[in-house]
Amino acid sequence: MKKLILPLLVSLTTLTVFGQTAPGDPRFAGMDVYADSVLKQFHIAGFAVAVVEDDKVIYAKGFGYRDMEKKLPVTAGTVFPINSCTKAFTDALCGILANEGKLGFDQPVHDYIPWFRFYNDYTTEHATIRDLMAHRTGLPRHDQVSDFFDNAQPRDSLIYRIRYLQPFAELRQKYQYNNLMYTVLGVVAEKITGRSYEQNIQERLLRPLEMTNTSLSAAGLMASPDHSLGYFYDEQKGKILAGDYGLEPNPNCPAGGICSSVTDMSKWLITWLNGGKYKGEQVIPDWYVKEAIRPQTPIDNYNYGLGWYLSAFRGGHFKVEHSGTGRTSNSSVCFYPAANGYSSPHKVGIVVLSNEFGDYATSLIRDYISDKLMNAGRTDLPGKVGDWADWFEGYKAYYASMHKPHSGGDGSPGKPAPLSHPVNAYTGKYYNAGYGTIEIYLKGDQLLARFNKVDLTLKHFNYDVFDADPGGKLRFNAGNDGNIATITMPLEEMVNDIVFERKN
């Protein structure tokens with residue numbers, strides 16, 4: 001397999017490589033060709049990479065375009081959303097507040113926000129700050145609560161809805177990733193300090209770390225002279241198209257709202273690799289650095305710490321990482337903390353930021369570089385160090401499986417049955433306390449929908465079921481009197497369909 005694949009990779013012409021020239025480190029030999037092959041075969045507009053070793057940046061470079069129409073190149077200073085890699089910043093803020101005696105990780109959340117509630121009383125009374133940080137509250141993602149949220153409302157309004165969201169597991173029973181819990185942590189910090197989450201991150205982390213090209217909003221990203229646009233690959237058109245980064249302001253910012261460059265993120269990595277110190281100053285408490293990369297919640301064959309995933313990389317190296325996916329961007333941040341007594345020969349950190357949905361490119365580049373740096377000179381491992389051709393093919397197969405053309409095998413009826421009621425019988429407002437309001441209205445004889453402030457495209461599927469984009473299947477249900485009474489939608493796969501009751 002390797003003999004067939006490697007010539008293909010080497011033969012790809014490197015036409016879209018920009019940025020700082022890599023130093024003469026033999027471990028980065030072939031990086032330009034490999035990166036360009038990733039851009040082409042995964043249909044990525046552009047990405048940037050930076051690598052730190054101990055307390056120095058040893059590689060920083062951009063590949064592809066930050067603006068395809070204008071042919072503007074990605075550089076090491078190009079700003080992208082870092083998405084869920086924001087979580088480590090939110091947890092670090094909690095660590096700073098704990099170090100000041102203002103926050104207790106093992107104190108119930110309602111000690112800081114007395115009105116805050118979960119679906120059941122036990123979780124409300126016992127869920128701690130640490131439980132939220134470690135994704136073990138039992139609440140599944142329920143992401144579409146914030147996706148369809150009226151972002152003009154304050155964060156308090158968003159997290160108030162959590163009391164109506166059905167859990168999937170008991171408190172501390174299992175790992176359940178949840179973005180809303182990080183919004184709660186941001187609100188806790190706001191209540192403690194009397195300052196906004198954005199102000200806290202700027203003052204406590206970004207300024208001390210000299211991350212001057214980092215912001216906490218898509219608007220801030222767009223204000224940077226070296227910002228990247230967002231892109232997505234349209235399967236039907238076979239083209240990379242420009243998209244947007246989302247709504248502003250971002251009520252869920254503590255879970256995924258930071259935007260940065262690999263140059264700035266290098267400073268973040270250097271701080272973690274050096275026990276929370278940056279240029280000799282203790283920015284993040286040293287005890288918190290150790291606590292954050294200690295296993296808190298088991299997940300199959302790896303663990304979650306506080307804002308970081310913990311696992312072993314090829315060759316037995318302790319890896320600390322997090323990734324982040326937005327609608328038109330992706331990020332990956334990882335480091336290998338040799339100072340903690342593990343097998344890594346050096347303290348190494350890697351950040352990859354991309355302007356397109358999907359973690360294929362960022363994960364592949366991250367692991368390719370990890371192998372070259374962490375396993376250089378080793379002969380005791382299967383395969384040749386740095387020979388990631390097979391891995392490349394594995395990622396390609398996974399990518400292809402996630403981007404299969406629509407085959408019609410979705411259960412669509414050969415001839416859809418008609419609606420059970422006249423079309424105007426479906427109009428009205430339907431409400432769920434956790435998710436908000438869906439308004440169904442007519443334009444001519446076409447049913448349309450608005451979910452809070454997001455317009456849904458409705459396409460009749462069968463009987464009283466519609467395909468709703470975004471959101472999935474939308475079903476109208478009749479009550480005992482035969483009239484349309486509710487809408488159900490599968491907005492969270494881990495729990496029952498969400499029910500919206502008709503209000504008029």
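Rule-based calculations on the coordinates, nothing more; no lab input. These numbers were taken from a predicted model, which means no experiment stands behind them. Counting neighbours? That spans all protein chains shown, and the Cβs are built from the backbone with ideal geometry, glycine included.
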For the range 423-502, report the convex hull volume of the alpha-carbon atoms normalised per residue, in Å³, without decimals. 93
Do any chymotrypsin sites (Phe, Trp or Tyr not before Pro) in the range 435-504 lie in a loop, going by DSSP, with at most 16 other beta-carbon atoms within 10 Å of their beta carbon, and if so which? Y463
Report the per residue volume, in Å³, of the convex hull enclosing the C-alpha atoms of the range 94-188. 90
Translational diffusion coefficient, Stokes-Einstein: compute it for the range 49-99 using the Kirkwood radius over C-alpha pairs as Rh, at 37 °C and 0.692 mPa s, and state it as an integer in µm² s⁻¹. 242
What does the highest-first list of 171-179, 62-70, 326-334, 350-358 look like by mean Cβ count within 10 Å? 350-358, 326-334, 62-70, 171-179
Mind listing the Cα extents of the range 269-340 along all three principal axes, in Å, largest one first? 35, 31, 23
Using the alpha-carbon centroid of each, what span in Å lies between the range 237-280 and the range 162-230? 11
Along the Cα→Cβ direction, 7 angstrom out, place labels at D387 and A478. What is the inter-label distance in nm? 6.8
Given 0.36 nm per residue, what is the gain on full extension from L442 to K40 after removing their alpha carbon distance, in nm? 140.3 nm
Give me the distance in nm between label points sitting 7 Å out from Cα along the Cα-to-Cβ direction at Y463 and D286, one decimal. 6.6
Note, the range 229-234: 3J(HN,Hα) by Karplus (6.51, -1.76, 1.60, θ = phi - 60°), whole Hz, Gly/Pro = x, goes 6, x, 9, 8, 9, 8
Gain in length, A29 to K191, computed as 0.36 nm per residue apart minus the alpha-carbon separation, to one decimal in nm? 53.3 nm
Rg and Dmax of the range 255-309, Cα atoms, in Å? 12.9, 38
P(r) of the range 139-264 in 5 Å steps, Cα pairs, percent per bin? 2, 9, 16, 18, 17, 16, 12, 7, 3, 1, 0
List C85, C259 from most exposed to least, where exposure is judged by having the fewest other Cβ atoms within 10 Å. C85, C259
Distribution of pairwise C-alpha distances over the chain, 10 Å bins, in %: 4, 18, 27, 26, 17, 7, 2, 0
So if I place +1 on the C-beta of Lys and Arg and -1 on the C-beta of Asp and Glu, and nothing else carries charge, what would the dipole magnitude of the chain be about its Cα centre? I want it in debye, nearest 20. 440
Karplus ³J(HN,Hα) for the range 299-305 (6.51 cos²θ - 1.76 cosθ + 1.60, θ = phi - 60°; Hz, whole; x = Gly/Pro) runs 9, 6, 9, 8, 9, 10, x
Run the numbers on the chain and let me know its relative contact order in percent, using alpha-carbon pairs under 8 Å that are six or more apart. 16
Would you please give the FRET efficiency between E493 and K279, computed as 1/(1 + (r/R0)^6) with r the Cβ-Cβ distance and R0 = 56 Å, to the nearest 0.05? 0.75
